[in-house]
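Any read-out appearing in this document is the output of simple, stated calculations on the displayed coordinates, not a laboratory observation. Just so it is clear, the structure is predicted and the values come from calculations on it, not from any experiment. FYI the Cβ positions are ideal-geometry reconstructions off the backbone, even for glycines, and counts take in every protein chain you see.
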Number of protein chains: 2
Amino acid sequence: VTDQAPCATAPIETDALIVGAGPAGLFQAFQLGLLEIKSYIVDALPYAGGQCIELYPDKPIYDIPGVPHYTGRQLVANLLKQLAPFEPSLHLGQVVTGLAKQDDGRFLVTTSKDTRFIAKCVILAAGVGAFQPKLLPVEGIEQFRDQQLFYQLGSKADFAGKHLLIVGGEDAALDWASRFASEQGPDRPKSVTLLHRRDVFQAAPEAIAQVKSLRDAGALRLMVGQVTGFVAEGSGLVAVQVTDVNGQTQSLPLDALLVLLGLSPKLGPIASWGLEMERKQLPVDTEKFSTRIDGLFAVGDVNTYPGKKKLILSAFHECALAAFGAAALIFPDKKIMLQYTTTSTRLHSLLGVDSKV
Amino acid sequence: VTDQAPCATAPIETDALIVGAGPAGLFQAFQLGLLEIKSYIVDALPYAGGQCIELYPDKPIYDIPGVPHYTGRQLVANLLKQLAPFEPSLHLGQVVTGLAKQDDGRFLVTTSKDTRFIAKCVILAAGVGAFQPKLLPVEGIEQFRDQQLFYQLGSKADFAGKHLLIVGGEDAALDWASRFASEQGPDRPKSVTLLHRRDVFQAAPEAIAQVKSLRDAGALRLMVGQVTGFVAEGSGLVAVQVTDVNGQTQSLPLDALLVLLGLSPKLGPIASWGLEMERKQLPVDTEKFSTRIDGLFAVGDVNTYPGKKKLILSAFHECALAAFGAAALIFPDKKIMLQYTTTSTRLHSLLGVDSKV
């Protein structure tokens, strides 16, 4: 796992770049590896796994072929283990911000961390899009982002001695509210308020019990309502307006705002790449899972074709055929043969396993 | 697992009949089960697993998605476990001998055990064909089959007191030669000869060592050569002609002949069903994996389409889409929705798992 320093450095030249480190992206890298194609993977999340990890890490999946049940986490762990012999290069925590075909037919791909790639082919395995935090729907409030408004936790010290408002009603919001309210060290905020639009939380019973016990002990304030406006002084945020279920609005002074409303997938720049899309999906052929742009493939939930079902097992098949499509472009003079992992000593050598087993 | 008595009984009426109990056939039954379609499976072998069990039961497979390595046996065991909630009906040890479309659009399928099915749709998951013993390439010798010429072991008593010739150079031939030559009970043959076309065996070192030690002890005769003819008296086989590597032929008297030359896949009757085939494969669409005959689907190694790779993981995808194709035929008035095994309480109920996990 490596990251390029911002800008100025030379772009990374590669045969294949994969956008998305969910099950499709990981298995795509494995299939490319079997054909001796080195690839890089970019993902918006700070870890591999995509929807499996973001949406159902601990829920069983029953239709992975040959596996009676796997949690999302187990599936991803095993895909990473399967991919390990090819030493994958994951560039995480960054979204693809640009994709342009150069005169030489290769793609220039840039990311939000200013990583740049020059790739002979790009395989989109972007699922339903990059998972991005749900934003507070209050016009103008984004001006305070990363100063007083946060969508993820950086350092706990950012909130030391501050009047902190946490917004959200799911586990992440409750857990962090409890942690800050229990904090006894120098990072302790001056006050902690948890705001949720309803008086019912969608969280684990223990998390709810802990928040209520801290509220009863006076360490935490619970409020029901939604942020509908804000009060600024100079360039600083000094309060938000909170409207309750009865339409009553009050002003709540604060120093810092931590919004944990969950993640929502966004196709982001892919949607604006000038690709003809059908219902947010990219039409592909079923021979190579290529889009209408030569060298640009799409696998998994991001693509569409007659009969398409958004199943992980279908993504796996698409990855295998896209790998052969990519190989034909990357090695135009080579006849690409299908070899079997059970019998091919060449594949055994690539996988680092003993052929004599 | 049930079997019908021969003939006369009413045919089994079913929504779906699957031909082949290899990985594709087993996962096909699972995918149909998720769509609430009951299916029956027919296979030539006496057990489930197809090529995985017949060709590489103990060899690792490294490209089953999300499973870093599985032996053929492990894959099949887990596919059977995954399928178990749908209580599959396997009709094993029989090949499909006929398939005809009736006036009502359903298929009449008959097997070599005279099992008959009336099915709304048939899914061929027949791989490279039914595994059948390789025959002795000697014209006319098949007339003695099951009387004095055997391709599989029935009862050891069949060879008691007989001059037995075993033909073959792989494990099965060596193992049985050793067992018969070591037999001390009433089933002991009068003599045991092992004939192989070369003086090198393709078998486990222990099996070779045991055969040689029995030869040295005088319990077994080893010959190098091929059966090129036979001598009959009346309706009985009395000797075979064996030609050695130098072209010398000698007559070898015998009472019984056990030919263990391995299994070879044969598409058999499927190849003569009047289906347009390309290089022994059935062309299908990639939307439903349907052949050109309405209601007849083909998945796995038996089918072909642009981009086709004979990979188990592709078969799994084909099974899923074929299941939706079959469902549209079986439930013409129902809109078939894709449900996820992770979240659907309906699927949890079908799979017999707890939705609250």
- Note on the structure: Which residues qualify? For A:Arg116, with a placed amide H closer than 5 Å and at least 5 residues away or on another chain, they are A:Ile12
- Quick one: if you stick a label point 7 Å off each Cα along the C-beta vector at B:Lys310 and B:Leu108, how many nm between them? 3.4 nm
- Which whole-number percentage describes the relative contact order of chain B, with Cα contacts under 8 Å and a sequence gap of 6 or more? 18 percent
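Using unit Cβ charges (K, R positive; D, E negative) and no other charged atoms, how large, in debye to the nearest 20, is the dipole of the protein assembly as shown about its Cα centre? Can you show the working numbers first?
Details: 66 positive and 72 negative charges, 29 e Å.
In total the dipole reaches around 140 debye.
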- Item | For chain A, built as a Gaussian network whose Cα springs stay under 10 Å, the top-fluctuating residue of A:Glu233, A:Glu13, A:Glu206 | A:Glu233
- Residues with amide H under 5 Å from that of B:Val240, placed H, sequence gap 5 or more: B:Val231, B:Leu252, B:Leu254
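Using the Kirkwood formula over every pair of different C-alpha atoms, what hydrodynamic radius in Å results for the range B:43-131? The partial results should precede the final answer.
Numbers: mean 1/r = 0.0674 Å⁻¹.
Over the range B:43-131, the inverse of the mean reciprocal pair distance is 14.8 Å.
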- Query: Taking the label point as lying 7 angstrom from Cα along the Cα-to-Cβ axis, what are the distances from B:Pro11 to the corresponding position in the remaining copies, in ascending order and in nanometres?
  - Reply: 6.2
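Give me a single rounded figure for B:317-326: the average over its residues of other chain Cβ atoms within 10 Å of their Cβ. Don't skip to the end; give the middle numbers.
Working: counts 12, 2, 2, 8, 7, 1, 1, 2, 1, 0.
So the per-residue partner count for this stretch is 4.
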- Item | Ratio of the Cα radius of gyration of chain B to 2.2 N^0.38 Å, where N counts its residues | 1.16
- Task: Using Cα pairs closer than 8 Å and at least 6 residues apart in sequence, work out the relative contact order for the range B:143-274, in percent.
- Result: 30 percent
- Message: Using the Karplus curve 6.51 cos²θ - 1.76 cosθ + 1.60 with θ = phi - 60°, what ³J(HN,Hα) values do you get for each residue of the range B:10-24, in whole Hz, with x for Gly and Pro?
- Response: 5, x, 7, 8, 8, 6, 9, 10, 10, 9, x, 10, x, x, 5
- Query: Hey, rough spin-label estimate for A:Phe331 and B:Val224, points 7 angstrom out along Cα→Cβ, what's it come to in nanometres?
  - Reply: 4.0 nm
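Are there any chymotrypsin sites (Phe, Trp or Tyr not before Pro) in the range B:174-261 that are in a DSSP loop and have at most 12 other Cβ atoms within 10 Å? List them by number. Write out the running numbers ahead of the final one.
Values: sites: B:Trp176, B:Phe180, B:Phe201, B:Phe230; in loops: B:Phe201.
In loop regions of the range B:174-261 (DSSP not H, G, I, E or B), there are no sparsely surrounded chymotrypsin sites (Phe, Trp or Tyr not before Pro).
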- If you build a Gaussian network model of chain A, linking Cα atoms that sit under 10 Å apart, which residue out of A:Ala326, A:Ala24, A:Ala173 swings the most? A:Ala173
- One decimal, nm, shortest first: give the distances between the label point of A:Gly247 and those of the same position in the other copies, each label point 7 Å from Cα along Cα→Cβ. 10.9
- Message: In whole Hz and in residue order, list the ³J(HN,Hα) couplings for the range B:305-310 that follow from phi through the Karplus curve 6.51 cos²θ - 1.76 cosθ + 1.60, θ = phi - 60°; x for Gly and Pro.
- Response: 6, x, x, 3, 10, 7
- Message: As a test of the formula, what do you get for the protein assembly as shown when each DSSP H run with n ≥ 4 contributes -39,500 (n - 2.57) and the sum is divided by the residue count, at 222 nm and rounded to the nearest 500 deg cm²/dmol?
- Response: -7000 deg cm²/dmol
- Message: How tilted is helix B:205-216 with respect to the longest principal axis of chain B? Cα atoms for both, answer in degrees (0 to 90, nearest 10).
- Response: 20 degrees
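Hey, which of these cross-link pairs are over 20 Å Cα-Cα: B:Lys38/B:Lys280; A:Lys113/A:Lys310; B:Lys120/B:Lys334; A:Lys308/B:Lys81; B:Lys156/B:Lys212; B:Lys120/B:Lys288? Please list the in-between numbers first.
Values: B:Lys38/B:Lys280 29 Å; A:Lys113/A:Lys310 30 Å; B:Lys120/B:Lys334 16 Å; A:Lys308/B:Lys81 27 Å; B:Lys156/B:Lys212 22 Å; B:Lys120/B:Lys288 15 Å.
Pairs exceeding the cut-off: B:Lys38/B:Lys280; A:Lys113/A:Lys310; A:Lys308/B:Lys81; B:Lys156/B:Lys212.
To the nearest whole number, what is the average tally of beta carbon atoms from other chains within 10 Å of the beta carbons of peptide B:47-57? Intermediate values should be presented prior to the final figure.
Details: counts 0, 0, 0, 0, 1, 1, 0, 0, 2, 3, 0.
Across the residues of B:47-57, the mean count of other-chain Cβ atoms within 10 Å is 1.
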- The answer for trypsin sites (Lys or Arg not before Pro) in the range A:198-264 that fall in a DSSP coil and have at most 13 neighbouring Cβ atoms within 10 Å is A:Arg198
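Mind checking Rg over Rh on the protein assembly as shown, alpha carbons, Kirkwood formula for Rh? It would help to have the intermediate numbers written out before the result.
Numbers: Rg = 32.8 Å, Rh = 29.9 Å.
Using Cα coordinates only, the ratio equals 1.10.
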- Message: With the label 7 angstrom out along Cα to Cβ, how close does B:Asp354 come to the same site in each of the other copies, in nm, nearest first?
- Response: 4.2
- Select from B:Ser178, B:Ser344, B:Ser290 the residue whose mean-square fluctuation is largest in a Gaussian network model of chain B (Cα-Cα springs shorter than 10 Å). B:Ser344
- Task: Filter the chymotrypsin sites (Phe, Trp or Tyr not before Pro) in the range A:289-357 to those in DSSP coil with at most 16 other Cβ atoms within 10 Å of their Cβ, and list the result.
- Result: A:Tyr340
- With the cut-off at 15 Å, report for the range B:185-234 the share of all Cα pairs above it, as a whole percent. 59 percent
